[in-house]
Structure formats: structure tokens, C-alpha cells
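Asks: This is the structure I want to talk about, given as C-alpha cells.
The values are calculated or read from the model by the stated rules, or taken from the named source; none is laboratory data. Values in this document were obtained by computation on a predicted structure and should not be read as measured data. Cβ placement follows ideal geometry from the backbone for every residue including glycine, while neighbour counts extend to all protein chains displayed. Surface accessibility is based on the protein's heavy atoms, side chains included, excluding ligands, DNA and RNA. Shrake-Rupley method; radii C 1.70, N 1.55, O 1.52, S 1.80 Å.
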Amino acid sequence: MTSAFVRARRRQDGATLYSVLVKELVRGKWCNRTVASRIGSRREADRIKREVEAKQKEIRAGVSKDTPTVGALLDAYEHSLAGRPSLEGVQRVARLHLRPALEDVQIGNLTRPAVQELANERRAAGLGPQSLRHVVGTLRASINNALRTGLYDGHNVADKVALPRVTRTVKETLTLSEAAAVLAQIPETFRPFAATAIYAGLRPGELVGLRVENVDLCTRMLTIRHSHDRDVPKDGDERRVPIAGALVPFLEEALKHAKGGRVFPADRGGNKAADRKTTRMLRAAMVRAAALGCDSLVTGWTMKCRRCGHQEETETFIEKACPRCRFALWPVGHPRFVRWYDLRHTSATLLVEAGVDPAVVSEVLGHHDPEFTMRTYVRLSADKLRAGIDRVALPEVTDKLGAPVVPMKRRTQ
């Protein structure tokens, strides 16, 4: 809530000058903004103060012609995010969904039903539940930013908008034996990159932004200070990640080929093209590992004849000849839907299955809430789940399964 007041200052020659200031909240701190200065009379200063207060009252009521538009609120919010990793996503959401519909709408004329209608239209156009939440959340955050900075003094119309529930999807992770088999099939130039993702649980941007001076093999600690070309990680907080003993030889090899101060100098993550390339490399390694005996990495095989075009589906890899032309069939594996980012989920899952405290796992991954880590990143293997369930046994009931069942009699009063 902004407020106007008059400040008097006496000059050395005895004259008194007045200024009209507005007290407003800017980024969580109260600041004084000068509206008019060097006013010669108190009466004039009071008149300007009354005009400022009337204008602020109109803005709060939403009837002022100077009420900012939604586009101005989005501009101010994007300006407040300058230098932060989330700026790019906010700009994309605003450009695609908010600015085309609400760019010139005054925030005082925007109502909650109008925001609900926009959300329903975006949902009908095929936008997913999580993406829809990003759209409404960006609008809500921009209005909250305007409320904090005094740009707008009304209420947030983006609150309490009905949005579809986001269903939880199960992330594909690798077991310890699968991770070892896949890592052995990764090309040698990319093997340290993949090993660091598995053992340290770093994000792709943190892998690419890892600097040589942030790797201390003596104390076996990684200091995460960069993401891509930014000087801060995704969440904005630096953290220290211990280096596993098995990761030391991979990092030593990577440091031998470091260039420009980066441990992994090549562009191996950070944009969609690079992410698709690393994911294709990972799934190709999964197929090669499956051909060597790790069948759980693929969902099946298609045996193709490169001479006559014959195809047949099999569940396991078997070398055989084409039944038509006797030419050797070429195996094409169907790997599980594992993304490169799922190596981070794999790291969290392996740490929890090894008995590491969830709070430690959350600290390693750079999360602030261990419950979020367990809910989103950890997917225990089927063997681990079965081992936990098998701990519960009721022998006194099991031994009496063959006993006759005595019917219960209804109690009469």
C-alpha cells in the first residue's frame, strides 16, 4: 500500500522548499519516491499530495486511466528476473499465451472469470495440465510483483483459478547392474560425462558448466556454482557434492582433456538438440548392453532381414537366419523410455536404495525439501519393493489356513 507525504527543507537563505514523496514497497523494502520537488509553498505541496492520493485511490479501485496493462506487469516481472535461470521460461510463456490475449488489457479491468476463461481456452487447445499451471502461475507472479513494487494496488485475479490436476508420471530409472552395463557401452569420450551424471546426480546444465577449479580430487568434493554459461545453478544456490570413489578415475580422465577452464568443454547439454543427441547415445548404449545379456534394458526386439525385408518380433535377442532367404537377421532393439535427465533420477534412487538418508540425497541434488526428492526423483526398483514387502509375514495365520471356518452367530438382545 503506497502513501504520499510532504517533506519540508529550509535553505541557508531562510527560504523553505517542499517536496512530495510516495512511500512504496520495492522488492520487499520500503522506499521513498519523489513525485515533485522544489515547491515554494505549502499550499501547492498539499494540492499535489491530494492529487497523488486521489490517483492512488483510483488505481486501487481499478477505474484509473493510468492503471497499468497486463503487458506492463509482464515487462516489470521479466525485468525483476534479469540474470535468473527462470527468465527464459517466463518470457516464452508470456509470448505464447499471455501477451496475445491480455497485452493491452488494463489490470483493473481484468477479472477472475476472464482468467478462468483464458485457462479453459488454453486447455481446450491442447495445453497440458502442468503447462497450464505455468501460464496461470506466470500471470499470478507478475501481479504479485506489481503489488510488491507498488505498480498496482488491487487484488490478484489469478488466485483461486480452477486448474486440472497434474497426474504423476513414473520416471524410468536404471538399477545398479543396468547402470554399470550401460556405462560400459557409452563411447569413451562421453563416458566421464555420463559417469558424473550417474554418480553425482548433476543436472545437464551443471555438467556443462562444471569448472576445473570447482573439482577438488584431494578432498573429493565438487562445488556447483555454474549452470551452462550462467554464474548460478538452476535454484540460484551454490552447493557442494561429494565425489564417489568410483567417480575419481573418470574425473581424472576428464581433467586431462579440459579446455577453456571447463571439465566437459564440448556442448554436451543445454539445448534441445544436444539433449536429444545425448539421449540417443544413451539408448543406443542400452541396446548394446541388452544384446550382451542385460535384457531388462529393452522391451523387445525386431529382427529385420536387410536383403528381402522380412521382419519378426521377439522378446529376447536370438541370432537366427531369415526363413525366406537364409540371410542373417539384423537385430533392432526397443530401449525403455529413459532420458538423459533420468540419470539424475537414477542417482537419487541408487543412493536411497543404498541406505543413504533422504535429507543427504536432497542436499546432494540441490533440493530444499527431502519430501520433494522422495516424491519426484526416487523410484525404487521392483526387487527393493519386493524385499520390503516380504518383511511382513503372519505365520500364525498362515498355519491355520486349512482350518475350518466357524460361522459367526448374530447376537440377539
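Asks: How much mean residue ellipticity at 222 nm does the chain get from its helices, if each DSSP H run of length 4 or more adds -39500 (n - 2.57) and you divide by all residues, to the nearest 500 deg cm²/dmol?
Replies: Mean residue ellipticity, 222 nm, calculated: -12000 deg cm²/dmol.
Asks: With +1 assigned to the C-beta of every Lys and Arg and -1 to the C-beta of every Asp and Glu, and no other charges, what is the dipole magnitude of the chain about the Cα centre in debye, to the nearest 20? Please list the in-between numbers first.
Replies: Details: 69 positive and 47 negative charges, 226 e Å.
Magnitude of the dipole: close to 1080 debye.
Asks: Show which aspartates and glutamates lie in cross-link reach of K160 when reach means a straight Cα distance below 14 angstrom and same-chain residues fewer than eight apart are skipped.
Replies: Correct list for K160: E117.
Asks: Could I ask something else about it? Cβ neighbours within 10 Å, averaged per peptide: list 196-209, 252-265 in order, most packed at the top.
Replies: Ranking the peptides 196-209, 252-265 by packing returns 196-209, 252-265.
Asks: Next up: Roughly how many Å is it from the Cα centre of segment 206-255 to that of segment 137-194, as a whole number?
Replies: Spelled out, the Cα-based centre of one part sits 22 Å from the other.
Asks: Dipole of the chain (Lys/Arg Cβ +1, Asp/Glu Cβ -1, origin at the Cα centre): which of S86, V338, A354 lies farthest to the positive side?
Replies: Farthest towards the positive pole: S86.
Asks: Sticking with this structure for a sec: For the chain, with the dipole built from +1 on Lys and Arg beta-carbon atoms and -1 on Asp and Glu ones, taken about the Cα centre, which of L132, V170, A101 lies farthest toward the positive end?
Replies: A101
Asks: Which entry in [x] 20; [y] 47; [z] 28 is this structure's computed percent of Cα pairs over 39 Å apart?
Replies: [y]
Asks: Could you sort the peptides 82-89, 184-191 by per-residue average Cβ neighbour count (10 Å cutoff), highest mean leading? If you can, show how the numbers build up before the last one.
Replies: On the way: 82-89: 11.9, 184-191: 15.0.
Top of the packing list down: 184-191, 82-89.
Asks: Related question: Any of K171/K277; K171/K259; K171/K256; K234/K259; K23/K57 with alpha carbons more than 26 Å apart? Name them for me. List each step's numbers first, then the result.
Replies: Values: K171/K277 20 Å; K171/K259 34 Å; K171/K256 34 Å; K234/K259 23 Å; K23/K57 14 Å.
Checking Cα-Cα distances, K171/K259; K171/K256 exceed 26 Å.
Asks: Same structure, new question: Could you provide, to the nearest whole Å², the per residue accessible area of the chain with probe 1.4 Å?
Replies: Each residue of the chain exposes 60 Å² on average to a 1.4 Å probe.
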